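Participant: Sending over a structure as structure tokens; questions will come in a sec.
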Amino acid sequence: MTATTQPAAPDTTNDREPLLVVDDWKTYFKTAGGLLRAVDGVSLRVDAGSTIGLVGESGSGKTILSRSILGLVRSRRKVEPGGTITYDGVVINKLSPKERRRYWGKDMAMVFQNPMTSLNPVLTIGRQLTEVLTLHLGMSKALARARAVELLESVGIPEPKKRADEFPHQLSGGMRQRVTIAIALSCNPRLLLADEPTTALDVTVQAQILDLLDEQQSARDMTMILVTHDLGVVAGRTDTVAVMYAGKIVEIAPTKTLFTETRHPYAEALMRSIPTMDAPNHTRLFTIPGRPAQLTGEPKGCRFAPRCSYAQEKCLTEQPPLVAPERPDHSFACWFPVGTKPGQEALERNLSAGQTAAGTSMSLMTVLGA
Amino acid sequence: MAQSRLAGEKPQGPASVADPSSAGAGPNGGAVPAKRKSRSKLKNLGVLFWLAAGWLAVVGLSAILAPFLPLVDPAAQNYDAVAVPPGTPGHLLGTDSLGRDLLSRAIFGARISMIVTLSAVAIGILVGGLLGMLAGYYRGWLEKVIMAATDALMAFPALVLLLALMATLGSSVRNLVIGLGILGIPAFVRLTRASTLVYAQREFVTAAKSIGALNRRVLVREIVPNLIPAVGAYAFIVIALLIVAEGSLSFLGVGVPPPASSWGLMISEGRDSLRTTPWITFIPGIFMFLTVLSFNLAGDRLREENDNKGGNA
Amino acid sequence: MKSTTKTVEGTRPAARPPHRARWIARVRAFALKLATALGTLFVVSLAVYSLQELLPGDPAVAILGEQATPETIAAVRADLRLDDSFLVRYGAWLGDALLLDLGTSYRSGAPVMETILDRLPVTFELMVLAQLMALAVAIPLGTLAAYRAKTVFDRFTTGSAFAMISVPEFVLGLVLIYYLTLGLGWFPTTGWVAFGESPLENLHHAFLPALTMAIPVAAVYQRLLRTDMLATLQEDFVTMAQSKGLSTGHILFRHALRPSSFSLITLAGVNTGRLLGGSVIVEVLFVVPGIGQLMIQSIFLRDFVMLQGTVIFVATAYIVVNALVDLSYGLIDPRVRHRSA
């Protein structure tokens, strides 16, 4: 696998064709409090066969973005004011709902967050698998049934024949997620969107499910978008990581680069909130101060500024663009990036002032920069 | 047309982030919404509610004031105007096959329907409410007996129960009130028992008990006031039901005995000449439909309002 | 930071009781339901029998009328055991009723049970037709109203349903007769043709009475299904079904309908019992020789024994059907089926 996912900047040339190109995509919702900018101008380029992690806390827009890629966001209050989503050379966001549906389950499939609720409680596991097979692959009932059992076996479900006749409530959470993965994989999709596939599961099962996804992804040469709030999940499993905050990508880089050369203060904070094995017992986990950003209204300055220990005057008034000043595959949107001279100076200024330019007390952020 | 409902109305992610009510309310944001709420409360009930209430007020007032209104005697037979259609001068809504004025009969019919159903619903609320409250508050064998009796009453289709009672007791207005009252009891038993069960656990009741308040006092002072909104809203729906039940009985000829004019009886009287003079049936039919619809609409809306309040509490 | 992390409760399979224990629990629940139904039946029979006590004056006179001779009155008094105490009389009556003997009518001389069974097929047919019509209309309309929630279509259908709930059955029946029978001449005015005689004529006669019964019922069903369907369409598994590329019709009717229809099925079951006794108005209005008409006839003929018999029959049918609905609930929902009740 090659790590070649990067923002769809026009000047980047690459020999592998991108399977998915998201260009300046916006998904807004009309709410009583004004226009809610859930996804606010995101550009992504996902190469065939690669895995990209989409990371951010709840409300960062990562789930809406992944559903927008499929076209699953259907709300009377939704507005899509701009941007394009190109899949395999086709601008799919311009397709009619009916044309678009033809991709679902066949070319693009999705694994949902909560396996306890994403399987239909009154249909057997087998039915939920075979209906996709008969619909997209035109299989006969008997053939679909045999294939369904094979699929269940391939995702590690013991006694697949028996399980196929069972109902979801008869399976454990981990087993159910394996079933939803089997359903998603049933028609050999080229793009798999996994939306927090392990969040609702027991810790012990999480790793198994992630390994399963990994395994299936490489076996099928599938492209995968892994949406998660947990940087730890993407660490060893993705080629590229995009960190989202308030509907925008704030930093995107090859996974290794992101971890070693973190530039955006939000990405740095996320990384500090991963519990590590080598930290002493009872170490307090780092938490990001403040509430997640408010997404309504015209953004002014950097959305992260109120919670950022590096925040300066400039951050409050000017929105930082997503640029790649160091290496072409590492972009970030910050005026005072972590680990650079301006960043260090900004942090020191705030430390000596006792508060950031946004007025947040530095005592709330003591762990940072200490 | 508008978008479909699949995949949900609300955006799932950001909804939790940008909570418009919690942010940006401004310095004195706390007081303003509360004030606005009380002012717009009447408007909140919706246009339909007020239309329904308006119709009920018109019917109710004219029923009460019927003797003082400039109406023709509902029993007076005018042989010069037999079965004239609506719109005839002097007979705004026409007359029936005996030349009796339909408007006048409909209003006097409302009088009987209202007296009967309101008395019956009062019986239902008093008896049913009391039994339900006792069952929910004291529990034990008392509750078991009361609920068994309620279940038995509910084991009859409503009309069958009424027919059996009326056939045994004989048809008179008094017996009709008793029968309809009995019909309304089980619903109120269930409603008040369920609410009492909930309220009897609440802090203010345990507090009252702990300072030594008598059970009777707790019931009257603490529980009854809390039951009133739900019972009130439900009463509207039960009245609607009882109007139809009364109409059905009168239509079948075992309800209000003639010559009194009740809507059900009027509808039944026009049946034989439905082909030639349909208005004799449909005028009282429309009165009945609009009244039942209004009670249903008002009751439904009030219940919704109660539920919302209950949810916030 | 871990704000999105849902608690892991419920991801572990609940410890299942051993098979035997589950079976015992199910039998116990079944026995409890059966006992409740039997208890209710007992109270109901007592209540219906007590009605006789409410008859003004001598029941025998009330039953036979003022012109009866002392001999016939004495015969009826002996027949009804009016000289015995209430409990003895009730016991005897209940014993007979359990043997399906509800007495003999003093007007027609026919056994009550026989007369009822004679009329039952008519009422039963009306009930079945009305249910089928109501469900056939309510299921698509309720589903689509939920799918197109808050659109003009939804407001129109759901609003009309609300109005239809408020139309008294006899008014609705007369409106239908006026327009469809008298106006367009599509249906025979009144009367009944037995199914055995001519199935087509039978349906022709049954259509309008069944429709009159079906419309208000369909309105109730539509509203109920719409509410439940709205909730189901918010479920994750519906979004998942969408992401599988299934067509909207498939999702609505194959995926969302069944989980949305539990309350509807319960209500339809209860209505089966209710409509058996609730077709009085329609049977009188359309002159259909069913149980409802029998009841009204016995009221006007002062055939008290017959009235008592029909009332107890209808109430029993109602209770039995309700109990069956209650017991069969598990068959529709696999989650209930596999759990102990």
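The values are calculated or read from the model by the stated rules, or taken from the named source; none is laboratory data. Keep in mind the model is a prediction, meaning the values are calculated, not measured. Here the Cβ is made from the backbone with ideal geometry for all residues, glycine too, and neighbour counts use every protein chain on show. The area values use the complete protein model at the heavy-atom level, side chains included, leaving out ligands, DNA and RNA. Shrake-Rupley method; radii C 1.70, N 1.55, O 1.52, S 1.80 Å.
Participant: Would you work out the charge dipole size for region B:115-313 about its Cα centre, treating the Cβ of every Lys and Arg as +1 and the Cβ of every Asp and Glu as -1, and quote it to the nearest 20 debye?
Facilitator: Its charge dipole is roughly 540 debye.
Participant: Which percent of Cα-Cα pairs in region B:115-313 sits in each 10 Å bin, short to long?
Facilitator: 9, 30, 30, 18, 9, 3, 1, 0
Participant: OK, next. When Lys and Arg each count +1 and Asp and Glu each count -1, what net charge do the other residues less than 14 Å away from C:Gln293, Cβ to Cβ, add up to?
Facilitator: Net charge in that neighbourhood comes out at -3.
Participant: Within the set of other residues whose C-beta is less than 14 Å from the C-beta of A:Gln208, count the net charge using Lys and Arg as +1 and Asp and Glu as -1.
Facilitator: Around A:Gln208, the charge tally is -1.
Participant: Based on the alpha-carbon set only, what is the convex hull volume of region C:19-98 divided per residue, in Å³?
Facilitator: That works out to 90 Å³ per residue.
Participant: Moving to a separate point now. Put +1 on the Cβ of every Lys and Arg and -1 on every Asp and Glu Cβ in region C:73-168; which of C:Phe156, C:Leu117, C:Tyr90 then has its Cα farthest towards the positive end of the dipole?
Facilitator: Farthest towards the positive pole: C:Phe156.
Participant: So which of A:Lys26/A:Lys256; A:Lys78/C:Lys150; A:Lys26/A:Lys94 end up more than 18 Å apart, counting from Cα to Cα?
Facilitator: Beyond 18 Å: A:Lys26/A:Lys256.
Participant: Let me ask something else. Starting from the residue with the highest accessible area, list C:Ile165, A:Ile64 in decreasing order, probe 1.4 Å.
Facilitator: Of C:Ile165, A:Ile64, the descending order of accessible area is C:Ile165, A:Ile64.
Participant: For a Förster distance of 25 Å, can you work out the FRET efficiency between the beta-carbons of C:Leu203 and C:Gln67, rounded to the nearest 0.05?
Facilitator: After rounding, the FRET efficiency stands at 0.05.
Participant: Could you order B:Trp279, C:Trp186, A:Trp25 by accessible surface area, starting with the largest, using a probe radius of 1.4 Å?
Facilitator: Ranked from most to least accessible, the order is C:Trp186, B:Trp279, A:Trp25.
Participant: Moving to a separate point now. Based on C-alpha coordinates, I'd like the Rg and Dmax of the protein assembly as shown, in Å.
Facilitator: For the protein assembly as shown, the Cα radius of gyration and maximum Cα-Cα distance read 35.8, 121 Å.
Participant: What does the net charge come to around B:Phe251 if you take all other residues with beta carbon closer than 14 Å to its beta carbon, with K and R at +1 and D and E at -1?
Facilitator: -4
Participant: Rounded to the nearest 20 debye, what is the charge dipole size of region A:18-256 about its Cα centre when +1 sits on each Lys and Arg Cβ and -1 on each Asp and Glu Cβ?
Facilitator: Approximately 1040 debye in magnitude.
Participant: Here is a further query. Using a 1.4 angstrom probe and counting only protein chains, how large is the accessible area of A:Glu159 in Å², to 10?
Facilitator: The accessible area of A:Glu159 comes to roughly 110 Å².
Participant: With unit charges on the beta carbon (Lys/Arg positive, Asp/Glu negative), name the residue among C:Thr239, C:Thr181, C:Val43 whose Cα is farthest towards the positive pole of the charge dipole of chain C.
Facilitator: Comparing the listed Cα positions along the dipole, C:Thr239 ranks first.
Participant: Rounded to the nearest 0.05, what FRET efficiency do B:Arg271 and A:Ala48 give with R0 = 45 Å and r taken as the Cβ-Cβ distance? Could you check?
Facilitator: 0.05
Participant: What's the angle, to the nearest 10 degrees (0 to 90), between helix A:125-137's Cα axis and the longest principal axis of chain A?
Facilitator: 90
Participant: Rolling a 1.4 angstrom probe over the protein chains, ignoring ligands and nucleic acids, what is the accessible area of A:Tyr87 in square angstrom, nearest 10?
Facilitator: Rounded to the nearest 10, the figure is 0 Å².
Participant: To check you understand DSSP bridge types, tell me what percent of the beta bridges within chain A (both residues inside) are antiparallel, rounded to 5.
Facilitator: So the antiparallel bridges amount to about 65 percent of the total.
Participant: Another one. Which order do the peptides B:140-147, B:173-180 come out in when sorted by mean C-beta neighbours inside 10 angstrom, highest first?
Facilitator: Result, highest mean Cβ count within 10 Å first: B:173-180, B:140-147.
Participant: A further question follows. Could you calculate, for region A:18-256, the ratio of the Cα radius of gyration to the Kirkwood radius, expressed as Rg to Rh?
Facilitator: 0.96
Participant: Evaluate the relative contact order of chain C (contact order divided by residue number), counting alpha-carbon pairs under 8 angstrom at least 6 apart; express in whole percent.
Facilitator: 24
Participant: State which helices in chain C qualify, where a helix is a whole DSSP H run, it must extend 15 Å or more along its own axis by its Cα atoms, and its mean Kyte-Doolittle hydropathy must be at least -0.5.
Facilitator: Those that clear 15 Å and a mean of -0.5 are C:19-54, C:86-98, C:112-147, C:152-165, C:199-233, C:262-278, C:304-332.
Participant: Using only Cα atoms, what is the ratio of the radius of gyration of chain C to 2.2 N^0.38 Å?
Facilitator: With N residues counted in chain C, Rg over 2.2 N^0.38 Å equals 1.27.
Participant: Also, I was wondering about something else. Share of antiparallel DSSP beta bridges in the protein assembly as shown, in percent to the nearest 5?
Facilitator: Taking every DSSP beta bridge with both residues in the protein assembly as shown, the antiparallel ones total about 65 percent.
Participant: What figure, in Å² to the nearest 10, do you get for the accessible area of B:Ile228 with a 1.4 Å probe and non-protein molecules left out?
Facilitator: 100
Participant: How big is the dipole moment of the protein assembly as shown about its Cα centre under a simple scheme where the beta carbon of each Lys and Arg is +1, that of each Asp and Glu is -1, and everything else is neutral? Debye, nearest 20, please.
Facilitator: The calculated dipole for the protein assembly as shown is roughly 2120 debye.
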